[in-house]
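Peer 1: Right, I'll just put the structure down here and ask away after.
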Amino acid sequence: MTHTPSARPRQHVRRLRSLVWPILETAAAAVAAWYLAKLLLGSRETGFAPIATLICLGATIGQQRERAFELIGGVVLGVLVADLLTRLLGAGPPQVGLMVVLAMATAVLAGGGPMLMTEAGVSAIIIGSTPPSTVGVLPVRPIEALVGGAVAFGVHALVFPPNPLLHVGRAANAVFSGLGSTLEQLAEALKTADRSRAERALEAARGLDGDVRALGDALAVGRETARSAPLRWPARAGLARQQEIARHLDFAVRNTRVLARDTVRYTRSSSSPVPDLADAVGDLGQAIWALATAFEEPDAHDEPRRLALRAAGRASEAMVRHADITLTEIAGQVRSTAADLIRASEAGTPDQTGLIWTLVSRGG
């Protein structure tokens, strides 16, 4: 989708509104780190403590608590290495270059990604560009890094934890987008008996496993955050519902992969379009897009259920109409996928399993 230049400012404003609270939380954490460092270090300059807080917060967004602790430890260790090198080698451009290399290498050894590597390098530049100072025999910069890391961890885990529903929603969108597009390709392949389109859809279906795993990881992080952070306790019910939807979505992805293999097999052996099965698969694709809405809006569960039931009904009719064994298998996979989507749409609602199976099985 292409946005006109006039639409971009509105997008930026909406994005800013969504980020206002995280920005304010980060600012509050930086101020808290500054005051805590002042309390510990007295009249000395403590500007690096809030910088360390921002670095650690940036590196730990969306991470599990243990992982966040590891990344914060990596930042603190990198600062300690840079401070020791400053004492041994002095300050200057060559020393800063060496410190950046070592700090970024330390970030990699701590398991950090590009963001943590960059921020560790920035820390090394700041430290290497200023002469070292001490409190008694203790170096100031590592103390500031510890203060900043401790504040970041407290903010991340307890005070202002990331919104788990937001991160889960982003991960789920990748699964819905990939699965919906794959089903649309399969519907078109059946409608035109297009072998190459069917093969592309099969490749896309095989690539969905990574997105499903990412969704599982986001849910694990979200559940941990909702358990440990009082401000996120209200998200527990929503996460439980989304966990149930994700479980059935995983089954739908697996069934779609089998559906894609059957479609490829059919298009390799026949050039006859199958419009009735194409319509059934198309209904599945529409059900996926509707389920994406219901994932975050529980009251929207009727539409994905209706579309999935229609897909199952069309597939049941096709099973009676076609004698080809591969088409019968395709129809069966459509019904299985529809059942997964119906169960997903019913997550968090009164149990209607008996009704669902009656409707899915009708005509089969």
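The values are calculated or read from the model by the stated rules, or taken from the named source; none is laboratory data. The shown structure was predicted, so the numbers you read here are calculated from the model rather than taken from an experiment. FYI the Cβ positions are ideal-geometry reconstructions off the backbone, even for glycines, and counts take in every protein chain you see. Surface areas here come from the heavy atoms of the whole protein model, side chains and all, with no ligands, DNA or RNA. Shrake-Rupley method; radii C 1.70, N 1.55, O 1.52, S 1.80 Å.
Peer 1: Under a plain spin-label model, where a point goes 7 Å from the Cα along Cα-to-Cβ, how far apart in nm are D299 and A323?
Peer 2: So the two model labels end up 5.3 nm from each other.
Peer 1: For segment 338-345, take each phi angle, set θ = phi - 60°, evaluate the Karplus expression 6.51 cos²θ - 1.76 cosθ + 1.60, and give the result in whole Hz per residue in order, putting x for glycine and proline.
Peer 2: These are the phi-based 3J(HN,Hα) values: 4, 4, 4, 5, 5, 4, 4, 5 Hz.
Peer 1: Per the Cauchy relation, a quarter of the hull surface: what is the mean projected area of the convex hull of the alpha carbons in segment 212-308, in nm²?
Peer 2: Mean orientational projected area (segment 212-308, Cα hull): 7.2 nm².
Peer 1: Also, quick follow-up: Can you pull the percent of segment 183-276's accessible area that's carbon plus sulfur, 1.4 Å probe, other chains left in place?
Peer 2: On the way: 2160 of 4420 Å².
Exposed carbon and sulfur together represent 49 percent of the surface.
Peer 1: Which is farthest toward the positive dipole end of segment 218-326 among A318, P298, N255, measuring Cα position about the Cα centre, with Cβ charges +1 (Lys, Arg) and -1 (Asp, Glu)?
Peer 2: N255
Peer 1: Could you give the length gained on full extension between S129 and A214, defined as 0.36 nm per residue of separation minus the Cα-Cα distance, in nm? Before the final figure, lay out the partial values.
Peer 2: Numbers: separation 85, 0.36 × 85 = 30.60 nm, distance 3.97 nm.
Computed gain between S129 and A214 is 26.6 nm.
Peer 1: Right, something else. Might you tell me the accessible area per residue for segment 234-336, computed with a 1.4 Å probe and given in Å²?
Peer 2: Per-residue value: 43 Å².
Peer 1: Further question on the same structure: Roughly how many Å is it from the Cα centre of segment 203-264 to that of segment 146-188, as a whole number?
Peer 2: About 11 Å separates the Cα centre of segment 203-264 from the one of segment 146-188.
Peer 1: At a 10 angstrom cut-off on C-beta neighbours, averaged per residue, how do the peptides 255-263, 280-288, 99-107, 220-228 rank from highest to lowest?
Peer 2: Details: 255-263: 24.0, 280-288: 26.7, 99-107: 21.6, 220-228: 19.7.
Those peptides, ordered most packed to least, come out 280-288, 255-263, 99-107, 220-228.
Peer 1: Still on this model: For V147, tell me the accessible area in Å² from a 1.4 Å probe, rounded to the nearest 10.
Peer 2: Surface accessible to solvent at V147 totals approximately 10 Å².
Peer 1: What is the sum of charges around S270, taking Lys and Arg as +1, Asp and Glu as -1, for the other residues whose C-beta is under 14 Å from the C-beta of S270?
Peer 2: 0
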